[in-house]
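Below is one structure, written out as structure tokens, with a few remarks after it.
Throughout, read-outs are computed from the coordinates displayed, never taken from laboratory work. As the structure is a prediction and not an experimental result, all values here were calculated from the model. Please note: Cβ atoms are built from the backbone with ideal geometry, for glycine as well, and neighbour counts cover all protein chains shown.
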Amino acid sequence: MIQIILDPVTNVYYSSFYIQGLIDRFGSKSIIFDKTPFKHLEARDYNFNFVLCDSGKMIRISIDFEDFDTINDECYEWCDKYGKVNTNWRQTAHAEYPKLISLAPGFGIRIWSLTKTSQLAISNIIKCRISIPKTRKLLGKYKRQYTLRCPIDFYHPDLQTERQSYIYHLSTLWYSDKHNNNDNGVNKSRANFIRACKSTSTLTFEGGLVPQDKNRSSIDKFADVLYEREVSVLEYIAKTRKSCIVFNTPAFWNCHGWKLGEYLALGKAIISLPLSNDLPAPLIHGKHIHFIKNDSEEAIKEAILLLIKDENYRYKLECGARAYWENYGTPYKSIELLGI
């Protein structure tokens, strides 16, 4: 019988997607948490590490979900297979990293019941014997994973979107500093999409940007597109599902944001700026996604009007996005891509 040993200190808010994939592929009874195979690893905050044991053979796997395109050298040396969401083959050539496998972007999901989530949080804290500050942090991740996310089954297409002229977009207004100039990157791009939607009289728009840190975000620059009302994840998914068009751009540190994975899962017609990092297979313009070359309000509005007017093209993109998800993006496929 195959047994999967998971690292008890894993960040379940991020690794939940891949734990679901392991459950789907091998069954929940095959999974246990045990710190023994991982206790000598120090830098693993952004890696989900697990060991597959089958007929006396052990395969060590590390999944890197960090925003950066760099490699965690310690985890890479430890593992036999290294999956990474933000793979960039220009920065990490395959010849230099033969264990590296590119994965599609996932997103946080809820896996267990409240009782099971609580039990795992407590038992894994006991197994790890970590400090009080780290205990609080680990408990917080289990709480967020349960309260702020939904099961993977909630992410399915809405067959009625091609007949609607409604667009919903809710995303983060990231703080911007000298190290990561988000105001001229992701913030500007998202703001211009919202402005383009608001200035298009033939559609109804709802949403805006929510400041990630009101003391650090450039609220004054984006006052016309801010959104202050709290939205539950259920409402966010439901309204995104109904939106006839969605907008994607490289996010914090030019990473694949969770939104790209969510949009593919929901089978949306995606307008996107060029991606900074690679994927298991390219998203093809006109088949899976509609790429635009720049983030000007004019260029974005032109794409919006095209997709609103051409229902057949929009439907083609919706089908293509969902097909890509089913071939490369699901939790099950993410595990399968690792060759296990």
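Counting other Cβ atoms within 10 Å, keep those with at most 10, restrict to DSSP loop, and tell me which GluC sites (Glu not before Pro) in segment 59-98 are left.
Glu96
Quick one: if you stick a label point 7 Å off each Cα along the C-beta vector at Val233 and Gln91, how many nm between them?
In this crude label model, Val233 to Gln91 measures out at 2.7 nm.
Give the Rg/Rh ratio for the chain, taking Rg as the radius of gyration of the Cα atoms and Rh as the Kirkwood radius, to two decimals.
Values: Rg = 20.4 Å, Rh = 21.0 Å.
Taking Rh as the inverse mean 1/r over Cα pairs, Rg/Rh reads 0.97.
Which of Ile71, Tyr155, Gly257 sits closest to the plus end of the dipole of the chain, meaning its Cα is farthest towards the positive end, when Lys and Arg get +1 and Asp and Glu get -1 on the C-beta?
Value computed over the given set: Tyr155.
Enumerate by residue number the chymotrypsin sites (Phe, Trp or Tyr not before Pro) in segment 1-32 meeting two conditions: DSSP loop (anything except H, G, I, E, B), and at most 14 other Cβ atoms within 10 Å of the site's Cβ.
For chymotrypsin sites (Phe, Trp or Tyr not before Pro) across segment 1-32 that sit outside H, G, I, E and B with at most 14 neighbouring Cβ atoms in 10 Å, the list is empty.
Suppose we keep just the DSSP beta bridges with both residues in the chain; what percent of those would be antiparallel, to 5?
So the antiparallel bridges in the chain amount to around 30 percent.
Only four residue types carry charge here, +1 at the Cβ of Lys and Arg and -1 at the Cβ of Asp and Glu. Report the dipole size of segment 100-239 about the Cα centre in Debye, rounded to the nearest 20.
Working: 22 positive and 12 negative charges, 177 e Å.
The calculation lands at about 860 debye.
More than 21 angstrom separation, counting every C-alpha pair in segment 1-156; what % is that?
Every Cα pair in segment 1-156 considered, those over 21 Å come to 45 percent.
Once segment 161-203 is represented by equal point scatterers at the alpha-carbon sites, with solvent omitted, what log10 I(q)/I(0) does the Debye formula produce at q = 0.21, 0.24, 0.25, 0.34 Å⁻¹?
The calculated log intensity ratios at q = 0.21, 0.24, 0.25, 0.34 Å⁻¹ are -0.72, -0.83, -0.87, -1.16.
If you fit an axis through the alpha-carbon atoms of helix 233-242 and take the longest principal axis of the Cα set of the chain, what angle between them do you get, 0 to 90°, nearest 10?
50
Between Rg and the Kirkwood Rh of segment 154-331, both from Cα atoms, what is the Rg to Rh ratio? Kindly include the intermediate steps, with their values, before the conclusion.
Values: Rg = 15.3 Å, Rh = 16.3 Å.
Result for segment 154-331 is an Rg/Rh of 0.94.
Compute the acute angle (0 to 90°) between the alpha-carbon long axis of helix 12-26 and the principal axis of greatest extent of the alpha-carbon atoms of the chain; round to the nearest 10°.
Relative to the chain, helix 12-26 is tipped by roughly 70 degrees.
Relative contact order for the chain: what percent, with Cα pairs under 8 Å and sequence separation of 6 or more? Intermediate values should be presented prior to the final figure.
Numbers: 633 pairs, mean separation 66.5, N = 340.
Reported relative contact order: 20 percent.
Over 18 Å between Cα atoms, which of Lys81/Lys333; Lys134/Lys178; Lys35/Lys333; Lys188/Lys301 qualify?
Distance filter (> 18 Å) returns Lys134/Lys178; Lys35/Lys333.
Set Lys and Arg Cβ to +1 and Asp and Glu Cβ to -1, take the dipole of segment 1-155 about its Cα centre, and tell me which of Cys53, Leu103, Asn11 lies farthest positive.
The one lying farthest along the dipole's positive direction is Asn11.
Which values, in whole Å and largest first, are the semi-axes of the equivalent ellipsoid of segment 80-193 obtained as the square root of 5 times each eigenvalue of the Cα gyration tensor? Mind dumping the intermediate values first?
Working: eigenvalues 186, 130, 76 Å².
The three semi-axes for segment 80-193 are 31, 26, 20 Å.
Hey, in the GNM for the chain with a 10 angstrom Cα cutoff, which one of Ser28, Ser189, Ser16 fluctuates hardest?
Per the Cα network of the chain with a 10 Å cutoff, Ser28 tops the list.
Report the label-to-label distance for Ile59 and Ser165 in nanometres (one decimal), using points 7 Å from each Cα along the Cα→Cβ vector.
5.2
Using Cα-only point scatterers and the Debye equation, what is log10 of I(q)/I(0) for segment 33-93 at each q in 0.25, 0.28 Å⁻¹, rounded to two decimals?
Log10 of I(q)/I(0), two decimals: -1.07, -1.25.
Starting from segment 237-335, pick out the trypsin sites (Lys or Arg not before Pro) whose DSSP state is loop and whose Cβ has at most 14 other Cβ atoms within 10 Å.
When the trypsin sites (Lys or Arg not before Pro) of segment 237-335 are filtered for loop state and at most 14 Cβ neighbours within 10 Å, Lys293 remain.
Could you tell me the relative contact order of segment 154-331? Use alpha-carbon pairs under 8 Å, at least six residues apart, and round to a whole percent.
Once normalised by length, the contact order is 26 percent.
If you build a Gaussian network model of the chain, linking Cα atoms that sit under 10 Å apart, which residue out of Ile59, Ile132, Ile284 swings the most?
Highest fluctuation among the options: Ile132.
With r defined as the distance between the Cβ atoms of Phe252 and Arg129 and R0 fixed at 56 Å, what FRET efficiency is calculated, to the nearest 0.05?
0.95
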